[in-house]
1. Consider segment 141-179. How many of its residues are closer than 29 Å to Pro94 by Cα and either modelled with pLDDT of 95 or more or surrounded by fewer than 20 Cβ atoms within 10 Å (Cβ to Cβ) (or both)?
2. Only one of (1) among the basic types (Lys, Arg); (2) closer than 19 Å to Val136 by Cβ; (3) part of a helix (DSSP H, G or I) is not met by Arg61, so which one is it?
3. Can you tell me which of (1) loosely packed, with under 14 Cβ neighbours inside 10 Å; (2) on the phi < 0 side of the Ramachandran plot; (3) modelled with pLDDT of 95 or more is the one Gly64 doesn't meet?
4. Would it be correct to say that Val70 is out of contact with any Lys or Arg (no Cβ under 8 Å at 6 or more places or on another chain) and of a type in the set (A, V, I, L, M)?
5. Which number in (1) among the acidic types (Asp, Glu); (2) over 30 Å from His199 (Cα atoms); (3) touching a helix residue (DSSP H, G or I) at 6+ places or on another chain (Cβ under 9 Å) marks the one condition that Asp72 misses?
6. Select from segment 64-93 the residues that are of a type in the set (Val, Ile, Thr) and not in a helix (DSSP H, G or I) and list them in ascending order.
7. Return yes or no: is Ile159 out of contact with any Leu (no Cβ under 9 Å at 6 or more places or on another chain), in a helix (DSSP H, G or I) and closer than 20 Å to Thr7 by Cα?
8. Kindly provide the set of residues from segment 215-226 that are part of a helix (DSSP H, G or I) and out of contact with any strand residue (DSSP E or B) (no Cβ under 9 Å at 6 or more places or on another chain), ordered by number.
Amino acid sequence: MLLTGRTALISGGGSGIGAATATLLAAQGARVVVADRTVKAATPVAASIGGDAGAAALDVRDTGALRTGVADIAGRVGRIDILVAAAGVFSLQPFAEVTEAEYDRTFAVNCKGMFFLLQAVAEVMVRQGGGTVVTVASQAGRRGEPLSSVYAATKAAVISFTRSAALDLIRAGIRVNAVAPGIVRTPMWDQVDGAYAAHLGLPPGAYTDRVRQAVPVGRLADPVEVAQVIAFLAGPHSSYVIGETVDVTGADPAS
């Protein structure tokens with residue numbers, strides 16, 4: 001199997017794209033550590049994978065504890081060959097109504113937390129001689145979207161610092177790339193649909209139907225389809241792919 005002998009840490013691994021990625025990487029032979037805000041949130045996915053999969057608490061909002069948490073995980077499993085940074089939150093507010101608290105909350109998870117998680121894991125990878133990192137961005141970071149100015153800004157930042165980190169770390173044998181999905185059917189998307197529906201006066205599910213009709217492939221992405229791209233970027237067949245952001249959009253013309 002492609003990833004036999006490698007250990008992967010997945011932040012935001014308790015649900016959505018993170019959970020699908022943890023499951024797929026394990027199926028490809030990796031030992032996975034499923035991390036989420038609490039061990040309780042990560043345990044069901046780790047348990048469903050079975051074998052030597054583990055669960056860990058990594059709250060990316062607590063940047064002071066990230067380095068210690070990553071060091072503890074690395075000490076427990078021996079090394080970290082792959083990082084998938086999938087933890088994220090959504091924010092939906094008209095631009096004029098965004099509060100400083102909401103701005104700080106969204107940037108703390110999607111941007112600052114991801115940045116310093118990558119930094120902490122990079123320290124481990126430098127010592128061990130290399131590794132691969134995949135960050136989860138979004139098409140919102142490519143184009144901007146109404147009602148999502150803060151969320152879009154955080155994902156644009158992810159795309160930018162992914163490229164910068166790749167240029168800084170490649171000489172240490174660390175490859176860094178990102179995926180930028182379009183609309184993916186995850187628990188987070190269900191929250192997004194509800195928020196848009198409430199704001200636009202639509203019944204639940206109506207906004208999802210509107211989005212689905214706009215995508216040429218005629219459906220939302222399954223988390224596994226994004227996980228497959230992440231697995232490619234994390235694996236040996238993408239050895240010359242460095243500093244890129246790979247779109248996963250179903251040919252969405254808005255992307």
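1. So the answer is 23.
2. (3)
3. Every listed condition holds for Gly64 apart from (3).
4. Judged against the criteria, Val70 is a match.
5. Of everything listed in (1) among the acidic types (Asp, Glu); (2) over 30 Å from His199 (Cα atoms); (3) touching a helix residue (DSSP H, G or I) at 6+ places or on another chain (Cβ under 9 Å), Asp72 misses just condition (3).
6. Ile80, Ile82, Val84, Val89
7. Here the answer is no, as Ile159 does not meet what is asked.
8. Val224
The values are calculated or read from the model by the stated rules, or taken from the named source; none is laboratory data. Values in this document were obtained by computation on a predicted structure and should not be read as measured data. Using ideal geometry, Cβ is built from the backbone for each residue, glycine included, and neighbour counts are taken over all protein chains shown.
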